[in-house]
Amino acid sequence: MRVVVLGAGGFLGSRLVSRLVRDRSIGPRMLSELVLLDMRPAQHPQSAACAITQVQGDLRERRVLDELFSRPVDVIFHLAATLTLDAETDFLRGVETNVLALIDLLERCRQQSPRPMLLFASSISTFRGELPDVVGDDVFQAPTTSYGTHKVVAEHLLADYSRHGFIDGRALRLPIVVTHPGPPSGSISDQVSSMIREPLRGRTVTCQIAPDSRMVVASVDKVLDGFLRLASLSAEAVRAARIMNLPGLTVTPIDLANAVSRHLAVSAGAFVQWRPEPHVQRIIDGWPKAFTSQRALALGIEGDVTADALVDAFVANETSGA
């Protein structure tokens, strides 16, 4: 099985590559080749049992697509994107990367037989505005950021290409994913991750989000569990449920600070400076406060349970060097 990971050098992509190399399969299907695409060389374990091919470049380049599809592709994990703040400040690049490059990718998939499976990382940012207390799969999507808009467009394209039988498309809408190992990127998700990462590394952190702000998070391990579970299912199992939320855990910044405090046995005040920033707060306030999915749960895809588990997961990954 030839598997392509787009965004293989990023936070999710690099962790996914490690999992695939370790497991050597997706469900019952064994990997024969792992193709890693990123703007820079992607790190990967040296003891891989399957062939590993590096493709360096931008998904917008025809050369890159030629290399990816030089041989038939079985599974594509699409984890590459221009993120929220970047898409707001550079509108055209956001559209080119998040929408137009996806269309070119889908067209290459359409031209291939047999059809490949395409797993896509969508986002909680597709939901904004007046939302119910708990946001499920079928809540109306009304994004108020370019990034969120791009993800909604991508979901519809994925569904339509799947309807025509050109791809076997499957997508998870991700909440804020923690805990990014750094260095700090300035993204919204990384600012949340820093609440766990920095104190556990002995550094103080400035939180730009109000302490009692409710937000939805998921550990990187649960995200990977979700994608790999989704990839292992038969086409029949997902025919009526191709796009779904990843069930998330609702926490506040003070919940994360307290969980870290319990781990370190010190007061949260020893490492957190609270300085909410209006532009960051507006984004957080517009996102769902509770996020679930009956579709995902029915397929065996679950979320995290406690803030302490998020801290424990980060510590375990730091210790293992993952």
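Given the condition assigned to a loop (DSSP other than H, G, I, E, B), surrounded by 14 or more Cβ atoms within 10 Å (Cβ to Cβ) and not assigned by TED's automatic domain parsing to the domain that holds Ser189, answer yes or no: does some residue in region 274-281 qualify?
no
Among the listed residues Asp285, Asp225, identify the single one that is more than 20 Å from Glu302 (Cα to Cα), out of contact with any helix residue (DSSP H, G or I) (no Cβ under 8 Å at 6 or more places or on another chain) and touching a residue at least 24 places away in the same chain (Cβ under 8 Å).
Answer to the selection: Asp285.
Only residues in region 175-192 that are touching a residue at least 12 places away in the same chain (Cβ under 8 Å) and on the phi > 0 side of the Ramachandran plot count as the first member; pair them with residues that are charged (D, E, K, R) and surrounded by fewer than 16 Cβ atoms within 10 Å (Cβ to Cβ), Cβ under 9 angstrom, at least 6 apart or cross-chain, and list the lot.
Matching pairs, first to second residue: Gly182/Arg201.
Within region 187-240, considering only helices (runs of 4 or more DSSP H) that don't extend past its boundaries, which have at least 1 residues that are touching a Phe, Trp or Tyr at 6+ places or on another chain (Cβ under 6 Å)?
188-200
Kindly evaluate Gly129 against the criterion of being surrounded by fewer than 19 Cβ atoms within 10 Å (Cβ to Cβ), at pLDDT below 95 and not basic (Lys, Arg).
Judged against the criteria, Gly129 is a match.
Considering only region 3-19, how many residues are closer than 21 Å to Phe69 by Cα and in a loop (DSSP other than H, G, I, E, B)?
Number satisfying all stated conditions: 3.
Any residue that is among the small types (Gly, Ala, Ser), closer than 23 Å to Lys289 by Cβ and outside the structural domain of Ala87 (by TED's automatic domain parsing) - is there at least one of those in region 182-191?
For region 182-191, residues among the small types (Gly, Ala, Ser), closer than 23 Å to Lys289 by Cβ and outside the structural domain of Ala87 (by TED's automatic domain parsing): present.
Can you work out which of the residues in region 35-54 that are at pLDDT below 95 and hydrophobic (A, V, I, L, M, F, W, C) is nearest to Thr97 (Cα to Cα)?
Met39
The values are calculated or read from the model by the stated rules, or taken from the named source; none is laboratory data. The structure presented is a predicted model; accordingly, all values stated were derived computationally and were not measured. Heads up, the Cβs are rebuilt from the backbone with ideal geometry, glycines too, and the neighbour counts pull from every protein chain shown.
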